[in-house]
1. Mind ranking SER87, SER233 by accessible surface for me, highest first, 1.4 Å probe?
2. Taking every eigenvalue of the Cα gyration tensor of segment 536-577, multiplying by 5 and rooting it, what semi-axes result, largest first, whole Å?
3. Students sometimes get this wrong: rank HIS518, HIS339 by accessible area, probe 1.4 Å, all chains present, largest first.
4. Work out Dmax and Rg for segment 346-421 from the C-alpha atoms and quote the Rg first, both in angstrom.
5. Is segment 77-220 best put as rounded, prolate or oblate by its Cα gyration tensor, with a ≥ b ≥ c the root eigenvalues, rounded for a/c under 1.5, and otherwise prolate when a/b is larger than b/c, oblate when not?
6. Give the relative contact order (percent, whole number) for the chain; include only Cα pairs under 8 Å separated by 6+ residues.
7. Among the DSSP beta bridges whose two residues both lie in the chain, what percent are antiparallel, rounded to the nearest 5?
8. Taking the inverse of the average 1/r across all pairs of different Cα atoms in segment 544-602, what Kirkwood radius in Å do you get?
Amino acid sequence: MKRIAIVAAIVMLLGGGANIPVVAEEAPLLTNVSGRTCISLDGTWRYIVDPFESGYYDYRREPSATGFFDDEEPHNPALIEYDFDASPTIVVPRDWNTQAPELYYYEGSVWYRTRFAVEPQEESRYFLYFGAVNYEAIVYLNGERLGRHIGGFTPFNYEVTGLLRPGENSLVVKVSNQRLKEAVPTNNFDWWNYGGITRSVALVETPKTFVREYSLQFEEGKKIVGWVRLDGSSYDVDLTLEIPELKKRIALTPDEQGYCSFEISASPRLWEPENPKLYRVNWITPYECLSDEVGFRTITTSGNQILLNGRPIFCRGVSIHEEAPFRNGGRAYGVDDAHTLLGWAKEMGCNFARLAHYPHNEFMVKEAERMGIMLWCEVPVYWTIDWDNPEVLENARAQMSAMITRDRNRCNVIIWSVANETPLSDARLDFLKEMVSLVREQDPTRLVSAAMEKVEVKPGVMTVSDPLGEYLDVFSFNQYIGWYDGLPEKCDRVEWALPSDKPVLISEFGGGALYGKHGDKSERWTEEFQADLYEANIRMLKKIKGLSGTTPWILMDFRSPKRNLPGIQDGYNRKGLISNEGKKKMSFYIMQKWYQEMAEGK
Ligand code: GCB
């Protein structure tokens, strides 16, 4: 009995209640979920805050190292059901921090529960799909453990065909946003650690054999190149790809793995920021018609230029955190938040945005595509990741892979970024090389980058001596001259030694200002100081040969527990060009003027 208890405790530490049999492995990710038949599980759920992990042991017992599961019978976490009906409610999708004052700083476990009704159909399959849960989710359906997912910004799903009850079902999710050294991101980062079921949850219904995933990319030489992957037990099905506006209707023959690749000659109107043309695409089998809207373009580099559809383009960008404008902050979600954030970027003259520092929700990517905004998308391999730990690499790779799987048909995504400001070491280089190869393997059609750091090799001479640069297509780095490095006037005194064979992109620059604080330009935190810093940076940037883009830090002030200067920061990183109240600072107009000049070719 003692031995069982110890084993259980170890399993528990590894997986959290892992001796409840797992009834469903995480299934390969469904794509284009909004195009499928879904029952939305969004709405009001019940929740129980559980800082001591009490859901995992009988509440009458003392918690102790060997105290978990010290019965012959494994404890069933569904017992926690008992208490749910009297518990408070919480909205899904949304972070928990901005829903209850006592959860504002909370880092730990919260149990969520919803009930839903379904009449499972014999000829259908069912998947529970989560847009994202930060950071760890342990999912139980009708008291049975489906599995555990880690990684707070990417989707995951479980197949629950055969596990659903006709009528009412209970879905319990134990969510933890505990920061951990061996997590991705690690325990130190400059943004709010929003916990909860932050993106939509749906029960997705598919036919027995269905179109799970596909890729459609335009290649020079007037070809649409692609592949499609079915999921099912028999792949002897009629499968047609239809792009009505291009008058294409192609019959495809999947192989015995349900996979088929193809090439179609076509001359679509190419997607570009000034004309973000999308085409309706239909995947048709006798059992379904799955529709998407897809744009076609090429993205390549030549010397230090980025070429969109073969023509050089300057990426007039801005960095954006997934934080909600207005309504007291919190994680941004939905079309309205996307429109506000991307609308501001557009107003500033942007044709590009860096979605920092983790995969944003699908609305951001899709709305940007509709609005003509190219994107840099990244995973939270940020600062001091635990480079030597193979599980950390696995986790980072899984996050990258899920992001690529979700967004590979979004033509506005032009750069996948593998890391941000990571201190140099051999272990880190090995890790990031693995990340770069994963991206190249999974998506050879886009550019790879990372936000590196600059160094001052001798007074006034700036360069980036990061061996990672060699492996990237776009040579990007963050620099804070005038803020963390000297005063704005320093910008006029520096020279840059940068590669001439790759496009250079400045992935961050800027400084802080409190909206409405005015004074002399020498006074830190005033809008005048920030404006002067932007003017000086722009003068410097204009002189960098081969500069292909910039994404100043950052569109809007965002919450960060690291930013505690009273009366100025009050828990916000104030480097926004716009305040968290949506008020534009002077620097917004300085960037706007520069980008407008550039757009007009001045
Ligand atoms: C950086 C980080 C970013 C921070 C920013 C800052 O270099 O990449 O996440 O928020 O600096 O404000 O210091």
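1. On the way: SER87 10, SER233 115 Å².
If we order SER87, SER233 from most to least accessible, we get SER233, SER87.
2. Values: eigenvalues 173, 21, 10 Å².
Rounded to whole Å, the semi-axes are 29, 10, 7.
3. On the way: HIS518 110, HIS339 80 Å².
Putting HIS518, HIS339 in descending order of accessible area: HIS518, HIS339.
4. 13.5, 44
5. Values: a/c = 2.23, a/b = 1.16, b/c = 1.92.
Cα axes put segment 77-220 in the oblate bin.
6. Values: 1403 pairs, mean separation 66.3, N = 602.
That works out to 11 percent.
7. Working: 93 of 127 bridges.
Given both bridge residues lie in the chain, the antiparallel proportion sits at roughly 75 percent.
8. Numbers: mean 1/r = 0.0768 Å⁻¹.
Roughly 13.0 Å, rounded to one decimal.
The values are calculated or read from the model by the stated rules, or taken from the named source; none is laboratory data. These figures come from a predicted structure and were not determined experimentally. Methodologically, a virtual Cβ is constructed for each residue, glycine included, from the backbone with ideal geometry; neighbour enumeration extends over all protein chains shown. Accessible surface areas use protein heavy atoms only, side chains included; no ligands, DNA or RNA. Shrake-Rupley method; radii C 1.70, N 1.55, O 1.52, S 1.80 Å.
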